[in-house]
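Engineer: Have a look at this one before I ask anything.
The values are calculated or read from the model by the stated rules, or taken from the named source; none is laboratory data. Because the structure is predicted, anything quoted here is derived from the model rather than measured. Because the Cβ atoms are built from the backbone with ideal geometry, glycine has one as well, and the counts that use them run over all protein chains shown.
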Amino acid sequence: MHIPDGFLDVKTAVAMAGVAAVAVAVSAAVVRRRLAPRQVPLMGLTATFVFAAQMLNFPVAGGTSGHLLGACLTAVLVGPAAAVLVMTAVLVVQCLVFADGGLLALGANVVNMAVVGGLVGGALFGAAGPFARSLRGRVTAAAFAAWCTVVLASAACALELAWSATVPLRVVFPAMVGIHMVIGVGEAVITALVLVAIAAIRPELVMGGAVAAGRWRRLDLVLAGVLLALCLAVFVAPFASVLPDGLERVAATLGFAERASESAAPLADYEVPAISSPVAATALAGAIGTFVMLGVSLLLGRLLVPRAGKQSSESAG
């Protein structure tokens, strides 16, 4: 659902960039007040996993593919505000390093996938909390919220395309929402499976409550998660579906695909230019991206969240 440059006009791109900037600024302020220092590694791990998982397109009906959005999953694990920042970091890296999504359309992509995905997904999951006290209930609530985020993000994308006069709303809205209702099923299933796996080793991350503070438990989780993300990016991503995703399929069907403009990036299309083998080029690009994403997200977390000692002194003051 990454919008390339050329699909949106200037007024829409500028307006969405403004909305995204406000949402990111507010989310950063909330994270700085509420996120505990020991949750920073989890924030970095989540960003890394979402980046790697988004490389894995899965086929759906009608010769179309989809991939994990991950915003609701992130909101469940680190909270809605942190989810906005995590998803924004992922989208920025994808745009600047891999040309996945246009630079001028970055604000719209942040609104659709980070803001709508993180905040709405987190709100829906939070609203179900009092009624979903068991693991099955919470996982079901998260899966439903994840499905909703994909559908609502596609609706937001359709509205932006219509506002840009790219395609009439009566045409693009049912097309975008219809195909993403199917893709959202994959999002729901993946979200549920990941949360069940996490609950098996760190139930408090799914069931709520204080995050365990043990250093080694955190380190083990981060190392295992980074290794999983690296395996997905290196060994699975090169064999992901090459079918067009939901937005690409709609653009081709409705006749505005040719409006897309190519963006320059060092690892465009998730390939290393100097490597002739497509499999090896994608695997190396995925490995590079995984480590870049981990570094960016950890740096972001450390800049926003004071360390334990500093936080204590600020509270005392």
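Engineer: Restricting to the range 261-291, name every residue that is part of a loop (DSSP other than H, G, I, E, B), of a type in the set (A, V, I, L, M) and touching a helix residue (DSSP H, G or I) at 6+ places or on another chain (Cβ under 7 Å). Show your work before the answer.
Structural biologist: Keep residues of the range 261-291 that are part of a loop (DSSP other than H, G, I, E, B), which gives 261-267, 271-277.
Those left that are additionally of a type in the set (A, V, I, L, M): 264-265, 267, 272, 274-275.
Selection gives ALA265, LEU267, VAL272, ILE275.
Engineer: Something else about it: Across the range 65-83, what is the total count of residues that are of a type in the set (Gly, Ala, Ser) and over 12 Å from the mean Cα position of the chain (by Cα)?
Structural biologist: Going through the range 65-83, the residues of a type in the set (Gly, Ala, Ser) turn out to be 65-66, 70-71, 75, 79, 81-83.
Within this subset, residues satisfying the condition of being over 12 Å from the mean Cα position of the chain (by Cα) are 65-66, 79, 81.
Residues meeting the conditions: 4.
Engineer: Among helices (runs of 4 or more DSSP H) lying entirely in the range 1-104, which contain 1 or more residues that are more than 25 Å from GLU160 (Cβ to Cβ) and free of Cβ contacts under 8 Å to residues at least 24 places away in the same chain? Break it down stepwise before answering.
Structural biologist: Values: elements: 10-34, 40-54, 71-78, 80-98.
In the range 1-104, 10-34 are the helices (runs of 4 or more DSSP H) which contain 1 or more residues that are more than 25 Å from GLU160 (Cβ to Cβ) and free of Cβ contacts under 8 Å to residues at least 24 places away in the same chain.
Engineer: Give the number of residues within the range 266-294 that are within 20 Å of the chain's Cα centre (by Cα), aliphatic (A, V, I, L, M) and farther than 21 Å from VAL226 by Cα.
Structural biologist: The number of residues fulfilling the criteria is 1.
Engineer: A further question on this structure: I need a count of the residues in the range 226-249 that are in a loop (DSSP other than H, G, I, E, B), hydrophobic (A, V, I, L, M, F, W, C) and crowded, with 16+ Cβ neighbours inside 10 Å.
Structural biologist: So in the range 226-249, the residues in a loop (DSSP other than H, G, I, E, B) come out as 240-244.
With hydrophobic (A, V, I, L, M, F, W, C) added as a condition, the list becomes 240, 242-243.
So of that shortlist, the ones also crowded, with 16+ Cβ neighbours inside 10 Å come out as 240, 243.
So the answer is 2.
Engineer: Separate question: Kindly check whether there is at least one residue in the range 183-198 that is closer than 17 Å to VAL120 by Cα, in contact with a Gly (Cβ under 6 Å, 6 or more places away or on another chain) and not charged (D, E, K, R).
Structural biologist: Within the range 183-198 (the criterion being closer than 17 Å to VAL120 by Cα, in contact with a Gly (Cβ under 6 Å, 6 or more places away or on another chain) and not charged (D, E, K, R)), the answer is no, since none of the residues qualifies.
Engineer: Now for a separate question. Does ALA210 satisfy being of a type in the set (A, V, I, L, M, F, W, C), in a helix (DSSP H, G or I), modelled with pLDDT under 95 and exposed (fewer than 15 other Cβ atoms within 10 Å of the Cβ)?
Structural biologist: On the way: of a type in the set (A, V, I, L, M, F, W, C): yes; in a helix (DSSP H, G or I): no; modelled with pLDDT under 95: yes; exposed (fewer than 15 other Cβ atoms within 10 Å of the Cβ): yes.
Here the answer is no, as ALA210 does not meet what is asked.
Engineer: Looking at the range 184-195, I want the residues that are touching a residue at least 40 places away in the same chain (Cβ under 8 Å) and have a partner that is outside any helix (DSSP H, G or I) and not basic (Lys, Arg) with Cβ atoms under 7 Å, at least 6 apart or on another chain. Which pairs are those?
Structural biologist: GLY186/PHE58; GLY186/VAL60; GLY186/GLY66; GLU187/LEU68; GLU187/LEU69; ILE190/LEU68
Engineer: Among the residues of the range 91-134, count how many are touching a Pro at 6+ places or on another chain (Cβ under 9 Å), surrounded by fewer than 24 Cβ atoms within 10 Å (Cβ to Cβ) and of a type in the set (A, V, I, L, M).
Structural biologist: 6
Engineer: For GLY63, only one of the following conditions fails: (1) surrounded by fewer than 24 Cβ atoms within 10 Å (Cβ to Cβ); (2) in contact with a Gly (Cβ under 6 Å, 6 or more places away or on another chain). What is its number?
Structural biologist: Result: GLY63 passes all but (2).
Engineer: Continuing with the same structure: I'd like to know if the range 24-43 contains one or more residues that are among the aliphatic types (A, V, I, L, M), surrounded by fewer than 23 Cβ atoms within 10 Å (Cβ to Cβ) and under 25 Å from ASP269 (Cα atoms).
Structural biologist: No, the range 24-43 has no match at all.
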